[in-house]
Structures are given as C-alpha cells and as structure tokens.
1. Conditions: (1) open to solvent by 40 Å² or more (accessible area, probe 1.4 Å); (2) closer than 25 Å to LYS77 by Cα. VAL312 meets all but one. Number of the miss?
2. For region 111-174, give me every one of the strands (runs of 3 or more DSSP E) that falls completely inside it and has 1 or more residues that are open to solvent by less than 30 Å² (accessible area, probe 1.4 Å) and acidic (Asp, Glu).
3. Scan region 319-374 residue by residue and report those that are modelled with pLDDT under 90 and not in a loop (DSSP other than H, G, I, E, B).
4. Residue under question is GLU268, and the condition is that it be among the acidic types (Asp, Glu) and farther than 20 Å from ALA455 by Cβ; does it hold?
5. Out of the residues in region 210-233 that are over 29 Å from ASP286 (Cα atoms) and not aliphatic (A, V, I, L, M), which is least open to solvent (accessible area, probe 1.4 Å)?
6. Examine region 277-288 for a residue that is under 30 Å from HIS167 (Cβ atoms), modelled with pLDDT under 95 and not in a strand (DSSP E or B), and state whether such a residue exists.
7. Taking region 175-188 as the region of interest, how many residues are open to solvent by less than 50 Å² (accessible area, probe 1.4 Å) and either within 23 Å of LEU220 (Cβ to Cβ) or modelled with pLDDT of 95 or more (or both)?
8. Scan region 234-254 for residues that are open to solvent by 60 Å² or more (accessible area, probe 1.4 Å) and either out of contact with any Gly (no Cβ under 8 Å at 6 or more places or on another chain) or closer than 16 Å to VAL210 by Cβ (or both) and jot them down.
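The values are calculated or read from the model by the stated rules, or taken from the named source; none is laboratory data. Only a predicted model underlies this, so the values are computations on that prediction, with no experimental measurement involved. In this analysis, Cβ positions are derived from the backbone assuming ideal geometry, glycine residues included, and neighbour counts consider all displayed protein chains. The accessibility values were calculated without ligands, DNA or RNA, using every heavy atom of the protein model including side chains. Shrake-Rupley method; radii C 1.70, N 1.55, O 1.52, S 1.80 Å.
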Amino acid sequence: MQPARRLANKSFICQGCLSRQLQRSQRQQHRQFSRSAPRRQQQQSHDNALPAAPAPTGLAALSSRRLISVTGPDAAKYLQGVITASMLAGASHPPGRGLQLQPEEEQHPREEGFYAAFLTAQGRVLHDVFIHPDRTGLLEFSSACNKSPVAPDERFIIEVDAAEAEHLQRHIKRYKLRAKLDVRLLDPEEFKVYHAWDDLSSSVGDLAHVLGRSTEAIALQDTRAPGLGYRFITHGKYNLPSEVSEHEIPVVSEDLYTIRRYLHGVPEGQQEIIRDQALPHESNLDQMGAIDFHKGCYVGQELTIRTQHRGVVRKRILPCVLYEDHQAMPQQLTYRPTIADPDTNADAGSLTADMLPADTSIGRVGKKGRSAGKWLRGVGNIGLALCRLEIMTDVVLPGETASATYSAEDEFIVGRHASEQKDDGSGSGEQGALPPIKIKAFVPPWLRQGLNAQAQ
C-alpha cells in the first residue's frame, strides 16, 4: 500500500485512474499464485470420488470437447493448407511405413474422420483436433447451419478442446481471407461428443459400423493408440446412451475416459499439449497419425519436416505413475484413485495427481543436473509428463549406441523436496504442503514400436 500513498499525493493522477491502477495490481498479484493446476479441477476431484478402477467397457460423454463446423466450396482446400494431415484419401499411412502414394490431383477427399493438428508458423502446436467429414448430413440438424444447401463433400466438423474452441474459430476466420466457407461454433446442446470402448467384445465396433451409415451420428475409430476406442458425434435429440444399453455398454463418467487415455499414453487438449509451446514430435503427433509427411505445404510444415528427417527428438509426452517417497518403484503402469497406498496410509484419499501444479519440474533423486522433464496433468496416481528420453527411459536415440544417462535404478521426484519449496511466484508454491512425490515414466508399446520402426 505504500506505493499507492505516494501516487495519491500526486495531483496529476485522478482518483479513477488510481483506483484502476490498484485493481490491476491486485489482479496481477492474484495471478502470481494461480498459475498451477486450476482450483476448480482440484475441488472437483475431492467433491466427486474418483473411479476405483479402469472400466473395460463404457460410453463417456465428453464435455471437454466442442465442435466447429466448416462448410462451403473452399472448405476442403482451406483445411488442406492449414492442418498437418491430408484431406485426401490414401495420403495417410501408419508411422514408419513407406507407401507408394498417388499424386494429389489423382486422389479424392476422405470420407472418414481423422486426427490432425493446427500449427503456428514456427511449427508449434495450436490445437490438436479430429476432422469429421459430414457425408450423411448431420449438420442439417443445426438451426444455424442449414440456411443454404451445401454439397456432402463441402461439410466438415472439427472437434477440439472445449476451452480452446472460440480461439480456433477466431483463428480460422482470421486466415480464411477470400475463401468461400462458413465457420460456426456449434451449440453444445445441439451436438454431443462421445467416446466408447469395449475390451471384452466387438460390440462398440459393430455399433460404429451401423451408426456410420445413418444420419443420426458420425462414428470414427480412434487410431491414436491401438484399442483406444471409437468416437461418436450425435445431434442433441439422439439418445446414444439408450442405444448402447442394448449392446450392454454402460454409461460411465468422463474420468474413466481420461484414465483410459493416460493408460494408453495419449495426450489430448491444450492442458496437455500446450498451445504455442508444444512441438508436434514431442507431443507424439507423428506417432499418433496426425501428420502426413508426404502432403503439400501447410502452416508450420518447414520445422516439422526438418525435425522428422534431420532432427533428434529428445523429449516426448509419456504416461507416468506417481508414488510416495517410502514406496517401492512401480514396475507397471497401473491406476488407483490415490497416490498413496490405502493399505499402508490412512490419509491416502487426500493425495491425488491433480494436486501437482502443471509445469512442475522433474529431477533425479540425489543427483544434480538438468531437469529430467515436466509434469503436465494427472488423475488418481497416473498422468502425463514431458520426459527426457535419455534420462527417464531406456529408449536409444538416433546416433547413439545406448541410453547415455539412463539407469534402471534411478528414481525421479516431481519438484524440489517439500522442505525446499519456496513461493517464488512461479506457481510451484502450492506444492510446499505436499510430501515428496516420486514419478516413474513408461513408454507405451505402440510408441516404442513406432520409434523402433522409424530408426530402421
């Protein structure tokens, strides 16, 4: 308050300006201590008990996802120039496998949905998205999108992180220039996004095959990781939960979908793939089929192609298990609702992964040196972190004969020791009340297979 008194004595500053300056100062001081994991997310985890175990089958409504429609004669051409995947059929292929591709002028637009990303001009990730061609006319159920007839191959639905949907809509409008297309942010009450999986049978795949031919929904197999499940987009009046009940698929919470993603090592949204910061290769977009390295120019292509052919990717997002200082290092990627073991700790329910601030540094226990990684986000005792491969895993980087600094006996800790925590305004001060938490990274089989195939 002392600076405020000095300012108040200056006759050339009016009371209104002084009041606004004080309000800005208070907001900045509040932001200084709120750059970690959102308190709303932390509160939800304590108000609603986390699932006790992963679900082998289920249908989850994804409130964390939002839809944008892009329609018009130039929609496909515009998207072809701004996303990492190709809008043309036959252009995409599994990572590490070479195919004889037809020239783009001889290819036809894709009819099934696919995974892709928008990049900045510097090759950083803006948004990871699903592109859903609307060949069956699902958008006709929207009161905002049926003003004029649009050909089936001119309608596309973009699925994006709900918190980033308005930003992506503005981004598309800003750069569409004279392209003949219409961009609309769809009402979440008019269209729903679901994810379904079934490890016990093929019922979800059969349902996706049936719905994929109807006008009630759009179905897409999620190929980011093997066995992850299927994506469904329906209009608001269609009761998909009732439909799946006939196939003995239970309706589950979105937490169970998140747990499934983490166990498969799949990041999603801009809390995990940080906008304007994350690189496509470090976010595993190259291994999850989001990038076509044979297509023509698109925004951010130069750095992405250079990294693919000449660079060495030393960091990648990996699934991790959190455990207490006194616990043995976990040998498997296994979920439970708390970090602490409830059999040995009576207060186990009070320690969960979402309490860790995002961007918290990961270091090697008992050793000094560069950071081994960065914590991103989690639930229960598992989550995702951006990890240095040569330090935290046994992955051998190109040009090296062995993992230079990795040791199977090394343990890693999230942040500094609790007694060393200082509130320095970086957002890590909230962890001062937490006990030391260790972390173990795992390389998913699909990612290891892709990296090995790429190295050959």
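1. It fails just one condition, (2).
2. On the way: elements: 114-119, 125-133, 155-161.
Strands (runs of 3 or more DSSP E) meeting the threshold: 125-133, 155-161.
3. ALA348, GLY349, SER350
4. On the way: among the acidic types (Asp, Glu): yes; farther than 20 Å from ALA455 by Cβ: yes.
So GLU268 passes the test.
5. SER214
6. Step one: list which residues in region 277-288 are under 30 Å from HIS167 (Cβ atoms), which gives 277-288.
Still in the running and modelled with pLDDT under 95: none.
No, there is no match, as no residue in region 277-288 is under 30 Å from HIS167 (Cβ atoms), modelled with pLDDT under 95 and not in a strand (DSSP E or B).
7. Going residue by residue through region 175-188, those that are open to solvent by less than 50 Å² (accessible area, probe 1.4 Å) are 179, 181, 183, 185-186.
Cutting the leftovers down to either within 23 Å of LEU220 (Cβ to Cβ) or modelled with pLDDT of 95 or more (or both) gives us 181, 183, 185-186.
Final tally of qualifying residues: 4.
8. Once the filter is applied, which keeps residues that are open to solvent by 60 Å² or more (accessible area, probe 1.4 Å) and either out of contact with any Gly (no Cβ under 8 Å at 6 or more places or on another chain) or closer than 16 Å to VAL210 by Cβ (or both), region 234-254 yields LYS237, ASN239, SER245, GLU246, HIS247, GLU248.
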